[in-house]
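As structure tokens, the structure follows; a few thoughts come after it.
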Amino acid sequence: MRYLLGIDIGSYSSKGVLLDEKGGITAVAQRKHEMRVPGPGLAEHDAEQDWWAGFCDLSKQLIAQSGIDPVDICAVACSGIGPCMLPIGKENEPLRTAILYGIDTRAHQEIGELNGELGEERIFQQCGNALTTQSVGPKIRWLAKNEPEIYAKTHKIVGCSSYLVFKLTGRWVVDHYGASCYTPCYDLATHGWDAAMTSPICPVGWLPDILWTSEIAGTINDAAAAVTGLKAGTPVITGTIDSASEAVSVGVQSPGDLMIMYGTTAFFIQVNRELSIDNRCWAAPFLFPGTWSTMGGLATAGGLTHWFRDNIIQTPDDDAFFGNMAQEAMASPPGANGLLVLPYFSGERTPINDPLAKGVFFGLTLAHSRGDLYRSMIEGIGHAVRHNLDTFAEIEPRKFVYAVGGGVKNPLWTQSVSDIANVEQRVRRHTVGAALGSAFLAGLGAGIFERQDIEIINPVDAIIEADSRHSALYDDHHAVYRKLYENTKDLMRAL
């Protein structure tokens, strides 16, 4: 029997999957780590402690748990949170903690600077994306301005999967999907780095080589073999950002397929027939040649419930808390007794793309319970999801919506989304997520799987339908939700 190893680095934990050549899940492992928040609008990871140590621990766990001989692992794939900005020195060492994806909003001033220097419309037409807090380019500019001593020592700028692949193989690479997030450095038309757009930010040589996701980037070197338990010479594919790997894990491949990833944030990927550029969303090549995608994301989703637990309830990190709060929230009626939440606690990504947006609890009275508060947060995330899905539907007619991620285990969350957005969600049998997608992509790279094999590996197991009894209520609330931001966004900036 041959095996495929997939490991994914998330915001608060990492997961690993060992998949056999028939598509069976042989072993699963998980490891928790921190997301460092050194100040408002800041989010960071330690590349060695959180990314590389996580990979090594999970690899050894999976091998030990399964009892297989590492020689039978025929390909390895990594995915991870992204896009991130990690400066690397000349000795290939991290020079600081990694600045994370759109949840880190520190570079909002640099967005304006680069738009002024390079031209907002020029950036948008060439990259298919406006500069947002999700973009890597402004964060590199932030580094140059605020930490010039680190910038001066920098040799490479990479993200999570790129760092792991280098540790495994000694080669700096990124896939086309991940490279498109280096806005304004990536040119959609040429599928490559644009020197003219990159040079005002950093030397183009600082950026990794670009490959397709399932291309073999290299093989496990001796140093990596010694600390991971893997066999030297094992092929390693290029890998991708976690959201794209999650999409693959649930079969998002055809035009009109859309993924909702429920996690610390929420992320959306829709496969399109052709390149579609819309300034409310992000555009990119998908994972395979000749494919395109539209993406979007919330800056805060499951992370909002962690904030509520840690700062409002102030209870220890205990999984039982979320189950108990879900029960209290279920006792609150749909609409949370007239309470609405704008879940913009870290600014917001799509479709408003506003790093200065703020979180709002609207409609509070002395009659509201903490169950109402919790339900209103879940529903606020649901309204933010609907805002994105309505936008996506204007770009490409929707076929199927697939739900994936840790939040799929929360029926209150998924049902609220279906009810608020009036959408049917399909849930696959396995919700392991990006780690499963990575193992599957490793199988594609090794020639073991075909793309349609995901239907056998991970069939549809449940369908979440909208409850029409609440449609009118949620339609009314959504109208208020949309107006609430429009009527307060200037006040958010003033504050």
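The values are calculated or read from the model by the stated rules, or taken from the named source; none is laboratory data. Quick caveat: nothing in here was measured; it's all calculated off a predicted structure. Heads up, the Cβs are rebuilt from the backbone with ideal geometry, glycines too, and the neighbour counts pull from every protein chain shown.
Scanning the stretch 363-400 for residues that are modelled with pLDDT of 95 or more, surrounded by fewer than 24 Cβ atoms within 10 Å (Cβ to Cβ), over 15 Å from His477 (Cβ atoms) and touching a helix residue (DSSP H, G or I) at 6+ places or on another chain (Cβ under 8 Å) yields Ser369, Arg370, Gly371, Leu373, Leu389.
Entry remark, the stretch 31-44: residues being assigned to a strand (DSSP E or B) and either out of contact with any strand residue (DSSP E or B) (no Cβ under 7 Å at 6 or more places or on another chain) or more than 15 Å from Ile81 (Cβ to Cβ) (or both) number 0 in total. Of the residues Pro94, Pro87, the single one that is in contact with a Ser or Thr (Cβ under 9 Å, 6 or more places away or on another chain) and modelled with pLDDT of 95 or more is Pro87. The set of residues in the stretch 97-115 that are among the charged types (D, E, K, R) and either buried (at least 18 other Cβ atoms within 10 Å of the Cβ) or in contact with a His (Cβ under 7 Å, 6 or more places away or on another chain) (or both) comprises Asp104, Arg106, Glu110.
Looking only at residues in the stretch 297-327 that are out of contact with any strand residue (DSSP E or B) (no Cβ under 7 Å at 6 or more places or on another chain) and of a type in the set (A, V, I, L, M), the one that is nearest to Glu348 (Cα to Cα) is Ile312.
For Val341, the conditions (1) touching a helix residue (DSSP H, G or I) at 6+ places or on another chain (Cβ under 7 Å); (2) buried (at least 18 other Cβ atoms within 10 Å of the Cβ); (3) assigned to a loop (DSSP other than H, G, I, E, B); (4) not acidic (Asp, Glu) are fulfilled apart from (3).
Yes or no, residue by residue, for (1) closer than 18 Å to Glu450 by Cα; (2) of a type outside the set (Lys, Arg); (3) at pLDDT below 90; (4) surrounded by 24 or more Cβ atoms within 10 Å (Cβ to Cβ):
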position: Thr213; (1), (2), (3), (4): yes, yes, no, yes
position: Asp222; (1), (2), (3), (4): no, yes, no, no
position: Ala226; (1), (2), (3), (4): no, yes, no, no
position: Gly233; (1), (2), (3), (4): no, yes, no, no
position: Ala247; (1), (2), (3), (4): yes, yes, no, yes
position: Ile260; (1), (2), (3), (4): no, yes, no, yes
position: Ala266; (1), (2), (3), (4): no, yes, no, yes
position: Asn279; (1), (2), (3), (4): no, yes, yes, no
position: Trp282; (1), (2), (3), (4): no, yes, yes, yes
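Restrict the check to the stretch 30-42 and report whether at least one residue is buried (at least 20 other Cβ atoms within 10 Å of the Cβ) and within 22 Å of the chain's Cα centre (by Cα). Scanning the stretch 30-42, I find no residue that is buried (at least 20 other Cβ atoms within 10 Å of the Cβ) and within 22 Å of the chain's Cα centre (by Cα), so the answer is no.
Would you please name the residue that is nearest to Gly239 (Cα to Cα), looking only at residues in the stretch 195-215 that are in contact with a strand residue (DSSP E or B) (Cβ under 6 Å, 6 or more places away or on another chain), not β-branched (Val, Ile, Thr) and not in a loop (DSSP other than H, G, I, E, B)? The selected residue is Leu211.
The combined condition, being out of contact with any Asp or Glu (no Cβ under 9 Å at 6 or more places or on another chain), closer than 23 Å to Thr350 by Cα and β-branched (Val, Ile, Thr), is fulfilled by Ile103. Residues in the stretch 451-495 that are over 19 Å from Ala403 (Cα atoms), at pLDDT 95 or above and of a type in the set (A, V, I, L, M): Ala472, Leu473, Ala479, Val480, Leu484, Leu491, Met492, Ala494.
Here Leu86 passes the criteria (1) of a type outside the set (Phe, Trp, Tyr); (2) assigned to a strand (DSSP E or B); (3) more than 21 Å from Met35 (Cβ to Cβ) except the one numbered (3). The condition of being at pLDDT 95 or above, in contact with a His (Cβ under 7 Å, 6 or more places away or on another chain) and either within 24 Å of Ser11 (Cα to Cα) or not assigned by TED's automatic domain parsing to the domain that holds His477 (or both) holds for only one of Pro334, Pro351, Pro343, Pro355, that being Pro351.
Quick check, is Trp193 without any contact (Cβ under 8 Å) to a residue 24 or more places away in the chain, of a type outside the set (Ser, Thr, Tyr) and touching a Leu at 6+ places or on another chain (Cβ under 9 Å)? Judged against the criteria, Trp193 is a match.
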